[in-house]
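Chemist: Before we start, here is the structure in question, set down as structure tokens.
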Amino acid sequence: MFSALLAIIYLAFISLGLPDSLIGAGWPVMHTALHVPVAYAGIVTMIISADTIISSLLSDRLTRRFGAGKVTAVSVLTTALALLGFSVATQFWQLCLLAIPYGLGAGAVDAALNNFVALHYPSRTMNWLHACWGIGAAISPYVMGFALTHSLGWHSGYRIIGVIQVALTILLFATLPLWRQKEQAARAHASDSQPLTWRELFGLRGVKEVLLAFFAYCAMEQTAALWAASYLVKVRDVSPAAAARFAALYYIGITVGRLLSGLIADRLGDQNMLRLGTGIMLAGIVLILLPVSSALPALAGLVICGLGSGPIYPTIIHETPMNFGAAHSQAVIGVEMAFAYIGTTFMPPLFGFAAGAIGLASYPVFLLVFGLLVLVPTERLNRLTEN
């Protein structure tokens, strides 16, 4: 049932996606204004990712102590202040410094919201939640584009998103009582157990499998998106304009896949939803891999891969409380988030280095390997948790 709290959670996840595309959209102008090489964008994003991993790993202790509502509100406030800091930065080192609170806030809110929804809402809500992230990530380039085309400067793009985040922060603090009503039973249950040590966490039955699957999926998704246009142009002789459109369609496919999955996820169940999504994703990768002269199978395969990928991330998260218990779900989801960011941060550039040595034609092979690394451990996880 839709509620005021659920509307706020959806808004929070749109907000989480809003800043993610800003640096990519604004960097062509930003690096010139800051007098740094274009490659320096990677330094900022690596700092953000490193701090996101740290806060994800700490999310269990933070949420146990303060509750998901407070963690979400403070985390959004932290990212809002960091974005407003970006909007007045004039030196590159200032961006690096501000990337620290931005990453810490983003990781904490991501893990806290994912666990809260996994505990309290059905699978369809989780899929639609992650579709909201896609909406936010799709909006921010247009915000930056508006700022640049209207001669407002890249600072204004960050300022607009920062102000939106501040407004959401006020709303989150004002609605903390709604969170507490949902959290009371869960926190009472969690208070009976102590936070897991790392050895205990990694010793849980099936944790290694779910972390491998999560890492592999996020590595596959980010690599597929980042290198799609280059592969289509260099290997499939697609025009740069068409390649850019189909690369964008991959992410649109993920968002549409999550919206559609929300309509059937509760009827199919998490395990079948995960199998369906993985199967469609692998079918799309096989189309990209086909050794034919026409580029049409590769173009169609990229869209199909996106559609299939849509439900995988939210479904793995949603089944975490069932697989590992509600008392341990925040700890496991925090580590899942950390492995997700490791996959998205390090594997796409690693593929770039590999492609420089063996060629971009290896792109669909790389995707297939990591797609299978999603299928195999999730099927093993299903067997472990059923026994």
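Chemist: Using packing as a proxy for protection, rank 365-372, 28-35 so that the peptide with the highest average count of other Cβ atoms within 10 Å comes first.
Modeler: Descending mean neighbour count gives 365-372, 28-35.
Chemist: Rounding to the nearest 20 debye, state how big the charge dipole of the stretch 203-353 is about its Cα centre with +1 on each Lys and Arg Cβ and -1 on each Asp and Glu Cβ.
Modeler: Roughly 200 debye, rounded to the nearest 20.
Chemist: Another question about this same structure. Considering only protein heavy atoms and a 1.4 Å probe, what is the carbon-and-sulfur percentage of the accessible area of the chain?
Modeler: C and S fraction of accessible area: 71 percent.
Chemist: At 1.4 Å probe size, with every protein chain present, just tell me what the per residue accessible area of the stretch 244-311 comes to in Å².
Modeler: 43
Chemist: Calculate for the chain the 222 nm mean residue ellipticity that helices alone would give, adding -39,500 (n - 2.57) per DSSP H run of length 4 or more and normalising by residue count, nearest 500 deg cm²/dmol.
Modeler: The per-residue figure over the chain is -29000 deg cm²/dmol.
Chemist: Relative to the Cα centre, what is the charge dipole magnitude of the chain, using +1 at the beta carbon of each Lys and Arg, -1 at the beta carbon of each Asp and Glu, and rounding to the nearest 20 debye?
Modeler: Here the size comes out at about 220 debye.
The values are calculated or read from the model by the stated rules, or taken from the named source; none is laboratory data. As the structure is a prediction and not an experimental result, all values here were calculated from the model. Glycine also receives a Cβ, built like all others from the backbone with ideal geometry; neighbour counts cover every protein chain displayed. Just the protein is used for accessible areas: all its heavy atoms, side chains included, with ligands, DNA and RNA removed. Shrake-Rupley method; radii C 1.70, N 1.55, O 1.52, S 1.80 Å.
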